[in-house]
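*Asks:* Before we start, here is the structure in question, set down as structure tokens.
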Amino acid sequence: MFDIRRADDGRWVLSGRLDASRVETVRAALREITGTCQLDFSDLEYISSLGLGVLLEAQKRLGASGHGLVITNLNEHLTDLFRLAGFDSVFEIR
Amino acid sequence: MRGEFTRELGSLGGVLGLVDRFAQEHGLDERTAFATRLVVEELFANFVRHNRGGVRPVEVELTMAGGSLEVRLWDHDVAPFRVPERAPVEIGRPLDERTAGGLGLHFVRSYFDELTYGYSDGTVCVTARRNLWRTDVRHQTGG
């Protein structure tokens, strides 16, 4: 199961497994972000390359206007994955 | 453990479910289970997105043998497809030069130890193998 929702405090919270079949859902959600925004991954257990691609796409769009995504609460597997992809240098990760 | 899945990304829930059952049956540690889910998805998604001509289900098989975990996928009635011998993903590039292209195979080669390709009578078979004694992810710096 996968879910992406906007919390009351403006964070976007992702949960479950973001496999390739969920990418269009995420793309549509991320299009709503127009400024620097936190993506909370504390309940996200899995993401694959196509999901990472959608994050990169959003980061490039936001970066063009001086904004960006802030990725928080990666679990250890996702931390390794982001590092392996070199995404620890293109996203702010907390 | 084996399963057949319709050639569409919407099948990934079932594909990953097969990996979950395999992981539970064989008591895989969570790091190995995560790696296996990712590799199986990346290979399956590559079949769906890039293999030309196939309409039959993709077969996915997971086995344990001799201290290794093997993942094998078959795609039938497709044009020859070769796992590309591409240059390492350039993970050090700045944001405006980064693409996600090649990340899937980068992950497969980093999390698993061997990747082989076969093609015979219209069927592509890709096999990925991981040594079970591994606990790390191989970080490739690329160039």
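Every number in this text was worked out from the coordinates using simple rules, so none of it is lab data. Everything quoted here is computed from the prediction, not taken from an experiment. Neighbour counts run over all protein chains shown; Cβ positions are idealised from the backbone, glycine included.
*Asks:* Using each residue's phi in region B:36-45, evaluate 6.51 cos²θ - 1.76 cosθ + 1.60 at θ = phi - 60° and report the 3J(HN,Hα) Karplus result to the nearest Hz, with x for Gly and Pro.
*Replies:* Along region B:36-45, the couplings run 5, 4, 5, 5, 4, 4, 4, 5, 4, 4 Hz.
*Asks:* If the only charges are +1 at each Lys and Arg Cβ and -1 at each Asp and Glu Cβ, what is the size of the charge dipole of the protein assembly as shown around the Cα centre, to the nearest 20 debye?
*Replies:* Charge dipole of the protein assembly as shown: 440 debye, to the nearest 20.
*Asks:* Most mobile of B:62, B:95, B:28 per a Gaussian network model of chain B (Cα springs, under 10 Å)?
*Replies:* B:95
*Asks:* Return an integer: the convex hull volume of the alpha-carbon atoms of region B:1-135, in Å³ per residue.
*Replies:* With only Cα atoms used, region B:1-135 gives 122 Å³ per residue.
*Asks:* Please build a GNM for chain B, connecting alpha carbons under 10 Å apart, and tell me which residue among B:37, B:129, B:56 fluctuates the most.
*Replies:* Maximum among the listed residues: B:56.
*Asks:* Scan around residue B:7 for amide H atoms under 5 Å from its own, H built in the peptide plane at 1.01 Å from N, and keep only partners 5 or more places away or cross-chain.
*Replies:* For residue B:7, the qualifying residues are B:58.
*Asks:* For chain B, what is the mean residue ellipticity at 222 nm derived from helices alone (per DSSP H run of n ≥ 4: -39500 (n - 2.57); sum divided by total residues; nearest 500 deg cm²/dmol)?
*Replies:* -10000 deg cm²/dmol
*Asks:* Calculate the FRET efficiency for residue A:88 and residue A:61 from the Cβ-Cβ distance with a Förster distance of 25 Å, rounded to the nearest 0.05.
*Replies:* In this case the efficiency is close to 0.80.
*Asks:* Shape call for region B:22-62 from the C-alpha gyration tensor, a ≥ b ≥ c root eigenvalues: rounded (a/c under 1.5), prolate (a/b greater than b/c) or oblate?
*Replies:* Here region B:22-62 falls in the oblate category.
*Asks:* Rounded to the nearest Å, what's the spacing between the alpha carbon centres of region A:67-85 and region A:25-43? Just the number, please.
*Replies:* With region A:67-85 and region A:25-43 each reduced to a Cα centre, they are spaced 14 Å.
*Asks:* With a 10 Å cut-off between alpha carbons and a GNM built on chain B, which of B:30, B:42, B:59 moves the most?
*Replies:* Highest fluctuation among the options: B:30.
*Asks:* Nearest 20 debye, what's the magnitude of the dipole of chain B about its Cα centre given +1 on Lys and Arg Cβ and -1 on Asp and Glu Cβ?
*Replies:* Result for chain B is approximately 180 debye, rounded to the nearest 20.
*Asks:* Right, another one. Could you size up the charge dipole of chain A around its Cα centre, putting +1 on the beta carbon of Lys and Arg and -1 on that of Asp and Glu, and report it in debye to the nearest 20?
*Replies:* Using only the charged Cβ atoms, the result is roughly 320 debye.
*Asks:* Can I ask one more? Run through region A:1-48 and list the GluC sites (Glu not before Pro) located in a DSSP loop whose Cβ has at most 13 other Cβ atoms within 10 Å.
*Replies:* Answer by residue number: A:32.
*Asks:* Could you tell me which of rounded, prolate or oblate describes chain A, using a ≥ b ≥ c as the square roots of the eigenvalues of the alpha-carbon gyration tensor, with rounded for a/c under 1.5 and, failing that, prolate when a/b is larger than b/c and oblate otherwise?
*Replies:* rounded
*Asks:* Amide H to amide H under 5 Å from residue A:44: which residues, 5+ apart in sequence or cross-chain, H placed 1.01 Å off N in plane?
*Replies:* A:16
*Asks:* Which whole-Hz ³J(HN,Hα) couplings does region B:93-110 yield from phi under the Karplus relation 6.51 cos²θ - 1.76 cosθ + 1.60, θ = phi - 60°, glycine and proline marked x?
*Replies:* 5, x, 3, 5, 9, 7, 10, 8, x, x, 5, x, 5, 4, 5, 4, 6, 7
*Asks:* Residue A:38's amide H: which non-local residues (gap 5+, or another chain) put their own amide H closer than 5 Å, with H modeled 1.01 Å from N in plane and none for Pro or chain starts?
*Replies:* A:12, A:70
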